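Chemist: Structure incoming, see below.
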C-alpha cells in the first residue's frame, strides 16, 4: 500500500486555475493504482455512463478531460486521469473524480476554447 502526501495549495485569485498538491507514492504499477481508484471513487447519477446514469448520446456535454477550469489534477501520472472537482455548483464538488465522469457544470479554462 502507498502513502498519500499533501502539499501546499495555491490560492484562488481572479479565477486562476488551482494546482492541487496531492500525490500518491506507491510501488504499485499505474494500471493497478488506476483500478484501485475506480473501486473507491464515488459514483453519482449525474456522471456519464458507465459511471452514472447520464447518457452521452442523449445528454451530451464535455467532461473534465475537455479542460474544465475546476478540475484540479492530482500530481504525477495520476493527474493524467484523476483530480478533484473544485466547482461549488457541481455535484462532484470536493470529490475525487475520474476525468470522464463529467457533470453539467463544466466551464472551460482559459487555455481551453471549447465549443
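The values are calculated or read from the model by the stated rules, or taken from the named source; none is laboratory data. On a predicted model such as this, the values are computed, not experimentally measured, just so you know. Here the Cβ is made from the backbone with ideal geometry for all residues, glycine too, and neighbour counts use every protein chain on show.
Chemist: Take the conditions in contact (Cβ under 8 Å) with a residue 40 or more places away in the chain, surrounded by 13 or more Cβ atoms within 10 Å (Cβ to Cβ) and either outside any strand (DSSP E or B) or out of contact with any strand residue (DSSP E or B) (no Cβ under 9 Å at 6 or more places or on another chain) (or both) and apply them to residue 65. Does it pass?
Modeler: Answer is no for this residue.
Chemist: Return yes or no: is residue 15 modelled with pLDDT under 85 and in a loop (DSSP other than H, G, I, E, B)?
Modeler: Judged against the criteria, residue 15 is a match.
Chemist: Looking only at the range 44-57, decide whether some residue is assigned to a loop (DSSP other than H, G, I, E, B), at pLDDT below 90, farther than 18 Å from residue 89 by Cα and out of contact with any strand residue (DSSP E or B) (no Cβ under 9 Å at 6 or more places or on another chain).
Modeler: Taking every residue of the range 44-57 in turn, at least one turns out to be assigned to a loop (DSSP other than H, G, I, E, B), at pLDDT below 90, farther than 18 Å from residue 89 by Cα and out of contact with any strand residue (DSSP E or B) (no Cβ under 9 Å at 6 or more places or on another chain).
Chemist: Next question, about the same structure. Got a number for residues in the range 93-105 being part of a loop (DSSP other than H, G, I, E, B) and under 9 Å from the mean Cα position of the chain (by Cα)?
Modeler: So the count comes out to 5.
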